[in-house]
Amino acid sequence: MKKVLMIALEFAPCRSAGVQRTLRFSEYLKVHGWQPFIVTATENIYDRLDNTLQVTPEVAKHVVQAKCEDASKKFALKGRYFQWMTLPDRYWPWYFDAVKQASKIVEQEKPDAIWSTYPVLTAHLIAFKLKKKYHIPWVADFRDPLQCRYDKSAQRYAWFKKWIEKKVVKHASKVVFTSGRAADLYRELYPQESPDKFVTIENGFYLPEKSLEKGDDHVVIPICKSKKFQLLYSGSLYANGRSPEPLFKALSQLKKQNIIAADNFILTFRPGKSTAFSALLSALDINDLVQFLPAISFEGSVREMQKASATVLIQDEIFHRQIPGKLYDYICVKKPILALTPTNSATADVIKRIAFGVTANSEKEIIEALLYLIQTDIDCSEDICQYSRESKTAELAQLFKGLSSNQ
């Protein structure tokens, strides 16, 4: 049995979309001949917890929680702090105990590979330190490009983060992204590196068995009557990159044409708050077609997707190289998917491979797509095994195998 040391700030029971990648890798790697040892952070830094995310006893006995603090809170004065205090990210205090705990594991277990993952650069800095000290093959899981690579509003201190990125790319054995378009970007940014250094391992779906059996004890999931079409958006919304305004305008037009109404259609956002959109919804006269519901557990969200008529995700131009992890959850439940994204995007690349997926971008395209979803009995029976977390773990294990065999 080979061994791998995994460095990840977010791990169960943290409620975050990124947790699933690390958690499922840690569960499935042993099936493929790799015993994972996980160094994560103490739970005090997690803003939200999902206690339905259970770590199996076999994985749990190999998890170490290194002491961590949120620098934006620990070093704030009357709630205020300088941004430079949170570089490269607000969890940098984790570095010190994480290196200490990880070094103990390396010296005791002698792992064959190190794997570190975003969404914080500190994880990569920890792995970089271990790579320099112990000369172990290192896989840096970037997932997506650094925010400063695609977001013009995130340029402050971008030079510093790019400097760290450069060190990571130079010293890592492999650099992993969740889309081919993201990997291609880094091949362009670092032409001096071998193209095969940049690898794509997409996210995937995980279907909890009990999600089919029972609901949360304290959460009631609204079930639409059979005559009402429910379009479900399960995930976060924000103005820059995931704006629902074009979708709202399309609904307004369909309502004016008497094609949809409150008695036959509902758009559900979970989690979400109506306050940010109340004026727009009123102006478009679609308050009765849209509902915003509070957050629920991962298992609860899967059950809700299973009961919806169709699912929708929003991935605007700014994220054209990225694929939201939620897409794979949508694939898992085998319900029609409406992806509001440019045709020339990483998300559209996946949708094109799925028989029950539809893409749209402009208001006109969204109207046509909605009509298609509402009026068509779509076949969702295709084999989706290639999109599972287990199949993606097999790809990661194969990557580790190639590195360890070259030692």
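The values are calculated or read from the model by the stated rules, or taken from the named source; none is laboratory data. Just so we're clear, the structure is a prediction, and the values are computed from it rather than from any experiment. Glycine also receives a Cβ, built like all others from the backbone with ideal geometry; neighbour counts cover every protein chain displayed. When the accessible area is computed, the model is the full protein with side chains, heavy atoms only, and any ligands, DNA or RNA have been set aside. Shrake-Rupley method; radii C 1.70, N 1.55, O 1.52, S 1.80 Å.
For the reader, a short list of remarks on this structure follows.
- Of all residue pairs spaced 6 or more apart or on separate chains, those with beta-carbon atoms under 6 Å, a first member in the range 29-44 that is within 14 Å of Ala102 (Cα to Cα) and a second member that is modelled with pLDDT of 95 or more and β-branched (Val, Ile, Thr) are Pro36/Val4; Phe37/Ile105; Ile38/Val63; Val39/Ile7; Val39/Val64.
- Between Lys131, Lys152, the distinction of being in contact (Cβ under 8 Å) with a residue 12 or more places away in the chain and either more than 21 Å from the chain's Cα centre (by Cα) or in a helix (DSSP H, G or I) (or both) belongs to Lys131 only.
- Any hit, the range 327-335, residues being open to solvent by 30 Å² or more (accessible area, probe 1.4 Å), more than 16 Å from Gly180 (Cα to Cα), touching a residue at least 12 places away in the same chain (Cβ under 8 Å) and assigned to a helix (DSSP H, G or I): no
For (1) at pLDDT 95 or above; (2) surrounded by fewer than 22 Cβ atoms within 10 Å (Cβ to Cβ); (3) in contact with a helix residue (DSSP H, G or I) (Cβ under 8 Å, 6 or more places away or on another chain), each residue gets a yes or a no:
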| site | (1), (2), (3) |
| --- | --- |
| Lys132 | yes, yes, yes |
| His135 | yes, yes, no |
| Arg143 | yes, yes, yes |
| Arg149 | yes, yes, yes |
| Gln155 | no, yes, yes |
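- Filter pass, Leu284 being open to solvent by less than 40 Å² (accessible area, probe 1.4 Å), modelled with pLDDT of 95 or more and farther than 23 Å from Phe356 by Cβ: yes
- Of all residues in the range 101-118, those being part of a helix (DSSP H, G or I), in contact (Cβ under 8 Å) with a residue 60 or more places away in the chain and polar (S, T, N, Q) number 1.
- Qualifying residue in the range 240-247 (condition: over 24 Å from Asp377 (Cβ atoms), of a type in the set (D, E, K, R) and modelled with pLDDT of 80 or more): yes
- Test: residue in the range 260-271 that is assigned to a loop (DSSP other than H, G, I, E, B), open to solvent by 30 Å² or more (accessible area, probe 1.4 Å), out of contact with any helix residue (DSSP H, G or I) (no Cβ under 7 Å at 6 or more places or on another chain) and closer than 29 Å to Thr178 by Cα: yes
- Scanning the range 65-98 for residues that are without any contact (Cβ under 8 Å) to a residue 60 or more places away in the chain, of a type outside the set (D, E, K, R), open to solvent by less than 40 Å² (accessible area, probe 1.4 Å) and outside any helix (DSSP H, G or I) gives Ala66, Cys68, Ala76, Pro93.
- Yes/no for Pro342 being open to solvent by less than 40 Å² (accessible area, probe 1.4 Å), closer than 21 Å to Arg181 by Cβ and modelled with pLDDT under 95: no
- Against the criterion of being among the aliphatic types (A, V, I, L, M), open to solvent by less than 60 Å² (accessible area, probe 1.4 Å) and not in a strand (DSSP E or B), Leu403 qualifies.
- Residues that are part of a helix (DSSP H, G or I) and acidic (Asp, Glu) were ranked within the range 1-58; the one that is surrounded by the most Cβ atoms within 10 Å (Cβ to Cβ) is Glu27.
- Residues in the range 380-393 that are surrounded by fewer than 15 Cβ atoms within 10 Å (Cβ to Cβ) and not hydroxyl-bearing (Ser, Thr, Tyr): Glu382, Asp383, Cys385, Gln386.
- Looking only at residues in the range 302-326 that are open to solvent by 10 Å² or more (accessible area, probe 1.4 Å) and small (Gly, Ala, Ser), the one that is nearest to Leu237 (Cα to Cα) is Gly325.
- Qualifying residue in the range 111-119 (condition: modelled with pLDDT of 95 or more, among the acidic types (Asp, Glu), in contact with a Phe, Trp or Tyr (Cβ under 8 Å, 6 or more places away or on another chain) and over 19 Å from Phe319 (Cα atoms)): yes
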